[in-house]
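One structure is given below, encoded as structure tokens.
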Amino acid sequence: MNETGSELAAFTTDGCSGGLSIGWQYLAVQVKSVRATHGERPPWEACCIEHDRLYHAAAPAGSSPEEGFMARKQADEELRSCVVDTGFDRATTLSNDYDVSIETVEGLYTTIADLMYRAVRVGGVPCSGLPWRWGYGWPACK
């Protein structure tokens, strides 16, 4: 992943990649009730930023391809878990706000987390050239 002599760039993040944070911000501006209930940023955005920190540096130098694969998979599973936890933490409040069951809120967040997991598994492969790829803090693969 990281060639000898290459340096890790300074950390950057776009929040939740794939337009999720940008789309959320647009929605929050357009729909006041979304902004009032959920905020101007996705409620799970901190999960995405932590995920970006892991993707930025990728696996430690000297890791085997298998170790790199497992490190990326763990990062993606942690993202999914964090989003689910965010939903479970908000479930009672959102259940009351929307007059739905806690299980419905938890199910929705689990679905969102699963979709995000699938997206990062497909879209975050190393050496893809994408700005959110595994190891994006290192120079692009040759």
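Derivation of every value follows stated rules applied to the coordinates shown; laboratory data play no part. Note that the coordinates shown come from a computational prediction; the quantities given were computed from them, not determined experimentally. Note: ideal-geometry Cβ built from the backbone for every residue, glycine included; neighbour counts use all protein chains shown.
Below is a table of values for the structure above.
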read-out	value
Positive minus negative residues near Lys32 (Lys, Arg vs Asp, Glu; Cβ under 15 Å)	-1
Alpha carbon convex hull of the chain, volume per residue in cubic angstrom	100 Å³
Sequence of Val120, Val34 once ranked by neighbouring C-beta atoms within 10 Å, starting from the fewest	Val34, Val120
Helix runs (DSSP H) in the chain reaching 30 Å along axis by Cα, Kyte-Doolittle at least -1.0	65-98, 102-123
FRET efficiency for Ala10 and Thr104, using Cβ-Cβ distance with R0 set to 25 Å, rounded to 0.05	0.05
Cα centroid of region 23-77 to Cα centroid of region 85-130, whole Å	11 Å
Nonlocal amide H pairs with Ser128, under 5 Å, H built at 1.01 Å	none
Gained length - Ala61 relative to Tyr26, 0.36 nm times residue gap less alpha-carbon distance	8.7 nm
